[in-house]
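Read through the structure below, which is laid out as structure tokens, and then see the notes.
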Amino acid sequence: MSEPFDLSGKTILVTGASSGLGRQICITASRMGANIIATGRNKDKLAETAGMSIKEKVEMIICDLNDSENMLDMVKKLPGLNGVVYSAGIVKFMPLKFANKKIINDVFQINCIAPIILISELLKKRLIFNNSSIVFINSIMSKIAVLGNGIYSASKSALSGFAKVLALELSSQKIRVNSISPGMVRTPMADQTAKILSEDAIKEDEKKYPLGYGEPEDISNTVIFLLSDASKWMTGSDVIIDGGYLIQ
Ligand SMILES: NC(=O)c1ccc[n+]([C@@H]2O[C@H](COP(=O)([O-])OP(=O)(O)OC[C@H]3O[C@@H](n4cnc5c(N)ncnc54)[C@H](OP(=O)(O)O)[C@@H]3O)[C@@H](O)[C@H]2O)c1
């Protein structure tokens, strides 16, 4: 009997693979049998990811996704794909009165514009096979209002709209498009947010999560499900994984 969560024989492109959730997705997906193309800007950190994964299953491509030429060069190097996980992203936590055009552009560029351009290029080059799966790492911030998160929330909400239309557009090819919206997960990005707040404020924030803050594995295991044939009737969905944050 075939194992529905098995990723053997699938080739998966993972962005944001040098850190946090993307790194854990590479580790878990390689253990589930996938061949991974791991991309990020930081060569050393990408190599660490490869070392933590089933190494022979990981190919690394250094790429700044905000640089169009760099992205096109990466796309030229890619084989046909059975899956894409877009985990690259940044957060800028600040009251709007401190924002400026550069900050807004930077956040939208990597969180929203780059994934749209990347998928568009992959489709133009016919690099996404029929029956593939695309997974965007979104955020519960696309659904709720948290002070200081306006620009980030807006970028993730835009990505959410895009993902739904893409799901419709690619359904005839049985290419599925889903997203995951995590709450706070312990990664370098979360550490960055923690630096802005006091230790007490972080402890108070974690109390809002009935199951506490998450670990990267809590997200990567659901990514495996979405990449695998176990979710073959699932598209246009957004899976909230937030330790119960949104219950209250
Ligand atoms: N951690 C959380 O609590 C949380 C919660 C909700 C949603 N998310 C979302 O989950 C995703 C992953 O977050 P994380 O926690 O794993 O963050 P992270 O540890 O800071 O990792 C971010 C990744 O994005 C990559 N990246 C950033 N700018 C890039 C660029 N211009 N070109 C290519 N790669 C770029 C980084 O690669 P390099 O450093 O190598 O450039 C890094 O691998 C993000 O989309 C984030 O919004 C995270």
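For this structure, a couple of remarks:
- Charged side chains reduced to their Cβ positions (Lys and Arg at +1, Asp and Glu at -1) give the chain a dipole of some 580 debye around its Cα centre.
- Accessible surface of the range 11-60 [probe 1.4 Å, protein heavy atoms]: carbon and sulfur percent: 46
- If the chain linking Asp191 and Leu211 were pulled fully straight, counting 0.36 nm for each residue of separation and taking away their Cα-Cα distance, it would gain 5.3 nm.
- Charge-dipole axis of the chain as Lys and Arg at +1 and Asp and Glu at -1 on Cβ define it, positive-most pick from Phe93, Ile27, Ile113: Ile113
- Straightening the chain between Leu72 and Ala145 buys 22.7 nm, computed as 0.36 nm per residue apart minus the Cα-Cα spacing.
- If the Kirkwood radius is taken over C-alpha pairs of the range 11-241, then at 10 °C and 1.306 mPa s the Stokes-Einstein diffusion coefficient equals 89 µm²/s.
- Taking only the Cα atoms of the range 30-87, the ratio Rg/Rh comes out at 0.95, with Rh defined as the Kirkwood radius.
- The range 11-241 - percent relative contact order, Cα under 8 Å, separation 6 or more: 21
- Taken over the range 1-70, the alpha-carbon convex hull comes to 83 cubic angstrom per residue.
- Taking every protein chain into account, the accessible area of the range 11-241 amounts to 48 square angstrom per residue (probe 1.4 Å).
- Selection from Val239, Val185, Leu166 lying farthest towards where the dipole of the range 11-241 points positive, charges on Cβ: Leu166
- Sequence-separation-based contact order of the range 118-248, relative, with Cα cut under 8 Å and 6+ spacing, percent: 32
The values are calculated or read from the model by the stated rules, or taken from the named source; none is laboratory data. Note that the coordinates shown come from a computational prediction; the quantities given were computed from them, not determined experimentally. No Cβ is skipped: glycine too gets one built from the backbone with ideal geometry, and neighbour counts run over all protein chains shown. Quick note on the areas: whole protein, heavy atoms, side chains included, nothing else; ligands and nucleic acids left out. Shrake-Rupley method; radii C 1.70, N 1.55, O 1.52, S 1.80 Å.
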